[in-house]
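Here is the structure we will look at, set down as structure tokens.
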Amino acid sequence: MWDGLTIEDDVFTGPNVTFLNDLYPKSKIQLESFLMAVIKKGESIGANATIFLGITLGQNCLVGTGSVVTKNVPANADIAEIPARILRYID
């Protein structure tokens, strides 16, 4: 996992989930700090989803397969698509 990524307990990540932490990656250039991504407890992230920089995924969210998450997601949201949008809230 990349620097700047926090994953809390009971999180499922499907195969090939991508977490981005650098907008302009360059070989042999090290950043002093990274934007944080926080994946809250109980999250489920489908295969091939991409999570952008500085994102917080709220507790118990569901990220659909192949989604591209470009902004924060509230707790209990079911999100999908490119870019990801809220489809519904989970009880």
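The values are calculated or read from the model by the stated rules, or taken from the named source; none is laboratory data. Not measured: the values here are computed from a predicted model. So basically every Cβ, Gly included, is an ideal-geometry build from the backbone, and we count neighbours across all protein chains shown. Just so you know, the surface numbers come from the protein's heavy atoms only, side chains and all, with ligands and any DNA or RNA stripped out. Shrake-Rupley method; radii C 1.70, N 1.55, O 1.52, S 1.80 Å.
If the condition is being within 18 Å of N16 (Cα to Cα), assigned to a loop (DSSP other than H, G, I, E, B) and not acidic (D, E), then the stretch 62-91 contributes G64, T65, G66, S67, T70, I82, P83, A84. One residue is enough: does the stretch 27-39 have a residue meeting the conditions polar (S, T, N, Q), open to solvent by less than 50 Å² (accessible area, probe 1.4 Å), modelled with pLDDT under 90 and outside any strand (DSSP E or B)? Checked against the condition, which is being polar (S, T, N, Q), open to solvent by less than 50 Å² (accessible area, probe 1.4 Å), modelled with pLDDT under 90 and outside any strand (DSSP E or B), the stretch 27-39 yields no hits at all. I want to confirm something. Restricting to the stretch 1-18 and keeping residues that are at pLDDT 90 or above and open to solvent by less than 50 Å² (accessible area, probe 1.4 Å), which single residue is nearest to E81 (Cα to Cα)? It comes out as V17. It is to be established whether one or more residues within the stretch 47-57 are closer than 14 Å to T13 by Cα, not in a loop (DSSP other than H, G, I, E, B) and not hydroxyl-bearing (S, T, Y). Yes, the stretch 47-57 has at least one match.
Go through the stretch 71-84 and give me each residue that's surrounded by 15 or more Cβ atoms within 10 Å (Cβ to Cβ) and out of contact with any Ser or Thr (no Cβ under 9 Å at 6 or more places or on another chain).
A75, N76, A77, D78
Looking across the stretch 49-70 at every residue that is over 9 Å from the mean Cα position of the chain (by Cα) and of a type in the set (S, T, N, Q), the one that is least open to solvent (accessible area, probe 1.4 Å) is identified as S67.
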